Amino acid sequence: MIRLRGWITALLVMVAGPALAQDLPVVRLAVLQIGTVNWELETITANGFDEKHGFRLEMQPYADNGATRIAVQGNAADMAVADWIWVARQRAAGKGYVFIPYSRAVGGVVVPASSMASSLEDLKGGKIGIAGGPLDKSWLILRAYAQQAYGMDLAAETEQVYGAPPLIFKSASGGDYAGAINFWHFLAKMKAAGMRELISVEEAGKALGLDADTPLLGYYAKESFLAAHPGLAQAFYEASREAKDLLASSDEAWEAIRSQMNADNDAEFEALKRDWVAGIPPRSPVDADAAAKVLALMAQLGGAELVGDVTAIPDGLFADLE
C-alpha cells in the first residue's frame, strides 16, 4: 500500500507540476557539511526520489554532529544521522526519537604495508591510533574479540593514541602506529594508499556472535514529527533504498557526486565506492533481538558512560518498516 501511494503521488506530481510538488511535506535533514551521508541524499534529490515518494528533502549543513543534534532537538531540523545506540539512549531519556536504517558500514584495524602482523595479537607492545575516544564502538568490539580469540587485553597490552579521524589518518599514513582504527571512509583511503586491513569490525563482530547485517547508522526523527505525517517513515526509507540501489549499480551515479567525495585520486574514489556499497544493509526491518546483543556488549564494555541507563531496546526505537 505504501509503495502504491508513492507511485500515485509521483503520477500526480507529473500531471500537476511544480505547484503540487511545493505542497508536499518537507523533511529538513541536518547533515555534516562533508558527511558521507550526503552522497545518498544528493542522489535522492537529484533523481527526484523524494518527490516520487511524496515528500521534499531539504539538506541543512552543520559544522559538527553536536549542532545537528541540537537542530533536531530544537525543531530547527526534522531529521539527522546517528548510530542507534545513541538514539536508544535519547529515547530512553524521554526524547521520543525513532530510528530509520541507513548503513552498516563499520571500521576496522589497518597496519602499514610493511607490517608483519597477521592478527591483533601481533600488535602487542605497539601503538594503536584510534579515531574518537576510549568508548569508540569499533575499539570496544575489537577489544572483546581480542579477549575471546587470544585471551588478550588489547587496552592493557598496547598503547592507545586517540585523535580526530583526519589526524589518525595522517599519523598512520606516516607510519606512527603499529595499527590504526578509523571511520570507514578514512580506512578506505588508507587502504587505497597501501595500508592493509588486519581485521574488520564486521569480522570481529561475527566471531562474537553479533549479526553483521544489523545497521549501526541511521536517520532519526521525533516520533511526533512522523506521527504528524503518516507514512513518511516508510516513504523516506523507500527513497533511501532507491538511492542505494542506484549507487550499487551505476557508475554514472557515482560520477555525479564525485566532487563531494573528497577523493584525491582514482584509487581513493574506487575504494570509497566499494566500501560504501559494502555497507548497504539488507532491505528488512532492524532485528531487535540482534540489536539487543550489540547493546548488551556495549553496556558490558562501555558501561553507563556509553549507554546511559538503557538496559534493553526501548519500545518503538526502530521505525515500523516494510
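Per-structure values
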| quantity | calculated |
| --- | --- |
| Which listed residue is among the acidic types (Asp, Glu), out of contact with any strand residue (DSSP E or B) (no Cβ under 7 Å at 6 or more places or on another chain) and part of a loop (DSSP other than H, G, I, E, B), from 264, 275, 245, 289 | 264 |
| Cross-chain or 6+ apart pairs with Cβ under 6 Å, region 100-116 first and among the β-branched types (Val, Ile, Thr), then assigned to a loop (DSSP other than H, G, I, E, B) | 100/319; 110/195; 111/117 |
| Which listed residue, of 278, 319, is of a type outside the set (Val, Ile, Thr) and in the same structural domain as residue 221 (by TED's automatic domain parsing) | 278 |
| Selection within region 62-99 - among the hydrophobic types (A, V, I, L, M, F, W, C), part of a helix (DSSP H, G or I) and over 17 Å from the mean Cα position of the chain (by Cα) | 67, 70, 71, 72, 92 |
| Filtered residues of region 208-224 (kept if surrounded by fewer than 20 Cβ atoms within 10 Å (Cβ to Cβ) and within 17 Å of residue 27 (Cβ to Cβ)) | 222, 223, 224 |
| Some residue of region 100-108 being assigned by TED's automatic domain parsing to the domain that holds residue 298, more than 17 Å from the chain's Cα centre (by Cα) and either over 25 Å from residue 262 (Cα atoms) or part of a loop (DSSP other than H, G, I, E, B) (or both) | no |
| Filtered residues of region 262-311 (kept if over 19 Å from residue 106 (Cβ atoms) and among the aliphatic types (A, V, I, L, M)) | 263, 267, 288, 304, 310 |
| Residues (touching a residue at least 60 places away in the same chain (Cβ under 8 Å) and either among the charged types (D, E, K, R) or assigned by TED's automatic domain parsing to the domain that holds residue 281 (or both)) located in region 172-202 | 189, 191, 196, 197, 202 |
| Condition met for residue 122 (closer than 19 Å to residue 207 by Cβ and surrounded by 15 or more Cβ atoms within 10 Å (Cβ to Cβ)) | yes |
| Residue count, region 25-56 (criterion: surrounded by fewer than 17 Cβ atoms within 10 Å (Cβ to Cβ) and at pLDDT below 95) | 2 |
| Total residues in region 238-275, condition in contact (Cβ under 8 Å) with a residue 24 or more places away in the chain and within 24 Å of residue 55 (Cβ to Cβ) | 14 |
| Residue list for region 230-287, filter: surrounded by fewer than 17 Cβ atoms within 10 Å (Cβ to Cβ) and acidic (Asp, Glu) | 245, 251, 252, 255, 264, 266, 270, 287 |
| Verdict on residue 255 being part of a helix (DSSP H, G or I), over 17 Å from the mean Cα position of the chain (by Cα) and not hydrophobic (A, V, I, L, M, F, W, C) | yes |
| Helices (runs of 4 or more DSSP H) wholly inside region 134-212 containing at least 1 residues that are over 28 Å from residue 101 (Cβ atoms) and in contact with a Leu (Cβ under 9 Å, 6 or more places away or on another chain) | 137-150 |
| Given (1) in contact with a strand residue (DSSP E or B) (Cβ under 7 Å, 6 or more places away or on another chain); (2) among the small types (Gly, Ala, Ser); (3) under 22 Å from residue 88 (Cα atoms), number of the condition residue 178 does not satisfy | (3) |
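So that you can scan it fast, the table gives a plain yes or no per residue for (1) touching a Ser or Thr at 6+ places or on another chain (Cβ under 9 Å); (2) closer than 28 Å to residue 135 by Cα:
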| site | (1), (2) |
| --- | --- |
| 255 | no, no |
| 264 | no, no |
| 287 | yes, yes |
| 298 | no, yes |
| 312 | no, yes |
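Yes/no matrix, rows are residues, columns are (1) in contact with a strand residue (DSSP E or B) (Cβ under 8 Å, 6 or more places away or on another chain); (2) within 19 Å of residue 307 (Cα to Cα):
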| site | (1), (2) |
| --- | --- |
| 31 | yes, no |
| 41 | yes, no |
| 47 | no, no |
| 52 | no, no |
| 55 | yes, no |
| 68 | yes, no |
| 95 | yes, yes |
| 105 | yes, no |
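The values are calculated or read from the model by the stated rules, or taken from the named source; none is laboratory data. Everything quoted here is computed from the prediction, not taken from an experiment. Note that each Cβ is placed from the backbone with ideal geometry, even for glycine, and that neighbours are counted across all protein chains shown.
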